[in-house]
Amino acid sequence: MTVGGMSNVLAAKGLRKSFPGRGGPVEAVRGVDLRVRAGEVFGFLGPNGAGKTTTLRMLATLLPIDAGSAHIAGVDVRRDPAEVRRRIGYVGQVGGADLPATGRENLLLQGRLHGASRAAAARRADELVDVLALGEFVDRRAATYSGGQRRRLEVALGLMHSPALLFLDEPTTGLDPQNRANLWDQLRALRARGTTIFLTTHYLEEADALADRLAIIDRGRVVAEGTPAELKRQVGGETVLLRPGPGPTTPDRLRTLLDEQPFVRESRLAGDTLYLTIGDGSRTLPRLLAALAEHQVTLETISLSAPSLDDVFLRTTGRALRDAGTSLAVPAARQEVPA
Amino acid sequence: MTLLGQLRLLWWRKMLETLRAPVWVVMGLTTPLLYLALFAPLLRRLGGGPGFAHGGVLDTFIPGILVLMAFGSGMGAGWIVIDEVRTGVIERLRVTPVSRFALLLGSVLRDVVTFVVPALVVVVVSIPFGYHPHTAGTVLLLVLLCLVVAVTSAWSAALGITLRDIGSLAAVVTGLQLPLTLLSGILLPLSLAPGWLRGLAHVDPLYYAVQASRHLSAGDVADVAVATGFLVIAALAALTLVWATRCYRAATA
Ligand SMILES: Nc1ncnc2c1ncn2[C@@H]1O[C@H](COP(=O)(O)OP(=O)(O)OP(=O)(O)O)[C@@H](O)[C@H]1O
Ligand SMILES: [Mg+2]
C-alpha cells in the first residue's frame, strides 16, 4: 500500500474494541486511525489504560477487531490473520520468554516455528545475539536473567523471522535507567538496519528519543499525531524559568510585573520559581531581559526550555501525563492554552 | 512446517522442561510406590475373597494404581498453562503460524511420557511381589491409560487457560478428583459395593477405565469391558482435545 510515495507497513482505520464490564461495556479503543511507514520507529504514547495494549493486540491478531480495518504489509488483519502472523513480530507487555529454557533454545524454537531450518535458525540467532548483546547469558536459563536481559531476549524473539513490522509493548517499563538507555541504543541499531518498529510507551522521553513519528492516545482515541518536533511546534510556546535573587522583588511581584508584558502568554508560580510561557524564545528573550533590567530585578536563575511532549499531552487532553513518572524540566500544571 | 514437525519441537520443549526439574519425575514415582509399600499389604488377607477373583491381590490392585497414576499425570497441566499465560509465552506462540492443536498436544504428549515411564517401573517392580501381568494385555492397558492422560492433561490445560487463576483451578480439580477416584473402584473393587453405589459408578468415566484395565492386565482382551473402556475414553479424549484446542485459540491474557 503506497500513499504519497511512502509505503505504509501498517494502515488502520476506525479501530474499535469494547470489553464487557460491570455497569456497561468498557470502550477501550474508540476509533483509532494509524499509519506506520517502512523503516520508521513509530511511537504510541499514552497514560495507563489509554488503550495501547488493546490496539496492539488487535493488530497482532490476538484480539478480534470489533470495528474498523487494518492492513499490515498489505495483508488484511481481519481476513487473513494467519498471514499477518508470518509478517509481524510481537513482544507483549508481560514478556513472552519461556523461563525454564535457555535464551538460545527460546530463539531456535521461535525461528523453527516460523519455518526456518535448523541451520538457518541457528545463523539468525547468532546474528541477533550480536545485535542485542545477548552473548554473556544466552546459554543460561531465562529464569536467571535480569529484567533488562530478559527484555533484550524478548525483542530478539520478536525478530527471529525478520518480520516486516515489530510490535513492542512497553519495551522498557520496569527497567532501570542504565538498562533503558542500553535498550534504546539497541533499538536505534535495529532501526539503522532497516527494522520497522511500532512501540508503545508511557514515557515521554522514550517517545521523544526513539520515535520518528508518534501518535498520542488518550481514553481510546488518538488525540495528536506527527513527528515529535511537529507536535511540540503545535504547542507553539517555550517556557522560561525565573527565580529572583535577594532584593525588593519578590516572586509574586515579579509575576505581576511580567504579566503586564505583551509577549508573556501565561505565567505560573511554583514556590519561588516563576514559569512563563512565551512565543518564539529567540526573539522574545531579549525583550524579557530588557524589561527585567528596566525594573532593576536581580535574578538567581533564568533558563529557557523548548516545549516537551508533556506540553503536547496537556494541551490536547487538558491533563498531565502524570502516570509516566518521569521528571520533567517543567512541572506540568499549566492550564489549557486556548488554541 | 508440518503439524508433525511443530509437534516434535513443542513436545521437546516440554520434555526439556521436565528433564530439568527431575523432582517431578521422582514425585511421580513416590505415590504409586507408597501405595505398593503401605497399602497393598492391607489387601493380602482379602486374596481369594469377594472381588478378588483372579489369583493374587496385586492382580486386582496394580491396574487400579496404574489408572490412578494416569489420572494424576495430566492434572498438573493447568498449573503450568496458567504460568505460561502469565509470563506471556502462550501469547507469543499465538503470534506465530504454529497450530494451536500442536501447542496443546506438545504438553499432552509430555504428560503421556511422564506417565508411561513410572508406570513401567511400577509394573516391573510389582512382579516379584506377586503381580502377574499379561504381556499383550499390559501393552493395550498402557495405550488405554495414555488416552486417560490425554483427557486429564487437555482438560486441566483448558480449565487453566479459561480460569487463569490457580485458586479456582485447584478448587475444581480437587473437587472432582476425590469423587471420581472413589466411584471408579480404583482402590477396592466395586463388586464389594452396595447396588446403588455400583449404579452411580456408571456415570464416572474412570470406572470404565478401571474395569477395562483389570481385564487387560489379566489378559481377557476380548472382554466387553475392554471395548467399552476404549470407547468411553477415546470419545472423551476426542471431545476434550477439541475443546482444549478451542480454548488455546481464544486465549487472551
Ligand atoms: N480483557 C479485558 N477485559 C476488560 N477490560 C479490559 C480488558 N483489557 C483491557 N481492558 C480495559 O481497556 C482499557 C484499555 O486497556 P489497555 O490495556 O489497552 O491500556 P494501556 O494503554 O495498554 O495501559 P497500560 O499503559 O497500563 O498498559 C482499560 O480500561 C482496561 O481496563
Ligand atoms: Mg498496556
Partner lysines for A:LYS13 [C-alpha distance under 20 Å; skip if fewer than 8 residues away on the same chain]: A:LYS52
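With 10 angstrom as the radius, rank A:ASP259, B:ASP111, A:ASP126 by how many other C-beta atoms surround their C-beta, starting from the fewest.
Ascending number of Cβ neighbours within 10 Å: A:ASP259, A:ASP126, B:ASP111.
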I want to check the label-to-label distance for A:ARG140 and B:LEU231. Put each point 7 Å from Cα in the C-beta direction and report it in nm to one decimal. 5.8
Around A:GLY39: net Lys/Arg minus Asp/Glu count, Cβ-Cβ under 9 Å: 0
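Dipole magnitude of the range A:2-226 about its Cα centre, charges +1 at Lys/Arg Cβ and -1 at Asp/Glu Cβ only, in debye to the nearest 20?
Dipole of the range A:2-226, to the nearest 20 debye: 580 debye.
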Can you give the angle from 0 to 90° between the axis of helix B:3-19 and the longest principal axis of chain B, with both taken from C-alpha atoms, to the nearest 10? 70
Given springs between every Cα pair under 10 Å in a Gaussian network model of chain B, which of B:LEU192, B:LEU104, B:LEU231 has the largest fluctuation? B:LEU192
Most mobile of B:GLY78, B:GLY167, B:GLY229 in a GNM of chain B (Cα contacts under 10 Å): B:GLY167
Restricting to DSSP H runs of at least four residues, report the calculated mean residue ellipticity at 222 nm for chain A, -39500 (n - 2.57) per run over all residues, nearest 500 deg cm²/dmol. -10000 deg cm²/dmol
As I understand it, the value is the acute angle between the Cα axis of helix A:118-131 and the longest principal axis of the Cα atoms of chain A; what does it come to in degrees, rounded to 10? 20
Given the options A:ARG255, A:ARG188, A:ARG57, which has the most mean-square fluctuation in a GNM of chain A, springs set between C-alpha atoms less than 10 angstrom apart? A:ARG255
Going by alpha carbons, how many degrees (0 to 90, nearest 10) lie between the helix axis of A:147-159 and the longest principal axis of chain A? 60
What does the charge count near A:GLY68 come to, summing +1 for each Lys or Arg and -1 for each Asp or Glu among other residues with Cβ under 12 Å from its Cβ? +2
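Using the 10 angstrom Cβ neighbour count as an exposure proxy, how do A:ARG140, B:ARG94 rank, fewest first? Before the final figure, lay out each step's value.
Working: A:ARG140 13, B:ARG94 22.
Lowest to highest Cβ neighbour count: A:ARG140, B:ARG94.
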Please turn the phi angles of the range B:176-186 into ³J(HN,Hα) values with the Karplus equation 6.51 cos²θ - 1.76 cosθ + 1.60 (θ = phi - 60°), one per residue in order, whole Hz, x for glycine and proline. 8, 4, 5, x, 5, 5, 4, 6, 7, x, 5
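Could you line up B:VAL98, B:VAL113, B:VAL242, A:VAL75 from fewest to most neighbouring Cβ atoms inside 10 Å? Before the final figure, lay out the partial values.
Details: B:VAL98 24, B:VAL113 15, B:VAL242 12, A:VAL75 18.
Result, fewest neighbours first: B:VAL242, B:VAL113, A:VAL75, B:VAL98.
Coordinate-derived values only; no laboratory data. Worth saying up front: this structure is predicted, and the values here are computed from it rather than measured. Positions of Cβ are backbone-derived with ideal geometry, glycine not excepted, and every protein chain shown enters the neighbour counts.
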